[in-house]
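Q: Sending over a structure as structure tokens; questions will come in a sec.
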Amino acid sequence: MRSITLAAAAALTLSAVAAHAADPAEGEWLTQSGDAKVRIAPCPGAASRLCGNIYWLRAPQDEAGKPKQDAHNPDTSLRRRPLMGLPIIWDFKPVSAARWEGGKIYDPKSGKTYASKLRRLQGKASRSGVKAMRSKPRLD
């Protein structure tokens with residue numbers, strides 16, 4: 001099993017639930033807190049870039065029993081978007097076999113978007129992963 005760490009916004013950290021993918025970053029990833037899963041795949045219309053959407057939430061409904069929404073988005077017209085299916089990773093271009101740059105990561109908990117980079121990490125035993133970091137300040 002592989003793991004992925006995305007240290008953007010609220011230090012979003014992800015661990016993999018998919019064992020095989022064409023690109024090391026592609027697959028289905030569980031957040032460290034276990035409250036969401038993100039599917040990372042080639043971007044629609046730009047297969048050479050990586051994008052990711054929320055496809056599972058541990059608690060998909062709010063206290064009123066309605067689907068959770070993008071309530072913290074700075075654009076008030078987008079605050080009614082459901083979190084399920086929400087794009088939170090986009091436009092990452094490969095620059096080497098272990099690095100992707102030029103992308104953005106959106107943190108729906110804060111409503112902030114970060115210019116980020118992805119970097120493949122090597123871990124213990126059969127674990128490896130990818131770390132995303134904000135461009136400024138650099139987190140690696």
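The values are calculated or read from the model by the stated rules, or taken from the named source; none is laboratory data. Everything numeric here is computed off the predicted structure, so don't read it as measured data. Note that each Cβ is placed from the backbone with ideal geometry, even for glycine, and that neighbours are counted across all protein chains shown.
Q: Being over 21 Å from E26 (Cβ atoms) and surrounded by 14 or more Cβ atoms within 10 Å (Cβ to Cβ) narrows it down to one of P87, P74, P82, so name that one.
A: P82
Q: Only residues that are within 17 Å of Y106 (Cα to Cα) and in a loop (DSSP other than H, G, I, E, B): list them for the stretch 28-48, please.
A: Result: Q32, S33, D35.
Q: Among the candidates L6, L78, single out the residue that is at pLDDT 95 or above and not β-branched (V, I, T).
A: That would be L78, the only listed residue that is at pLDDT 95 or above and not β-branched (V, I, T).
Q: Now for a different question. Are any of the residues in the stretch 44-53 crowded, with 16+ Cβ neighbours inside 10 Å and modelled with pLDDT under 90?
A: no
Q: Read through the list (1) buried (at least 17 other Cβ atoms within 10 Å of the Cβ); (2) touching a Lys or Arg at 6+ places or on another chain (Cβ under 9 Å); (3) of a type outside the set (A, V, I, L, M); (4) modelled with pLDDT of 85 or more, then give the number of the only condition that K131 fails.
A: Evaluating K131 over (1) buried (at least 17 other Cβ atoms within 10 Å of the Cβ); (2) touching a Lys or Arg at 6+ places or on another chain (Cβ under 9 Å); (3) of a type outside the set (A, V, I, L, M); (4) modelled with pLDDT of 85 or more leaves (4) as the failure.
Q: Please name all residue pairs, on different chains or six or more residues apart, with Cβ atoms under 8 Å, provided the first residue is in the stretch 23-37 and is closer than 13 Å to A59 by Cα and the second residue is outside any loop (DSSP other than H, G, I, E, B) and aromatic (F, W, Y).
A: From residues that are closer than 13 Å to A59 by Cα, the pairs are A36/W56; K37/W29; K37/Y55; K37/W56.
Q: Quick one: count up the residues across the stretch 69-97 that are under 15 Å from the mean Cα position of the chain (by Cα) and farther than 24 Å from A59 by Cβ.
A: Residues in the stretch 69-97 being under 15 Å from the mean Cα position of the chain (by Cα) and farther than 24 Å from A59 by Cβ: 4 in total.
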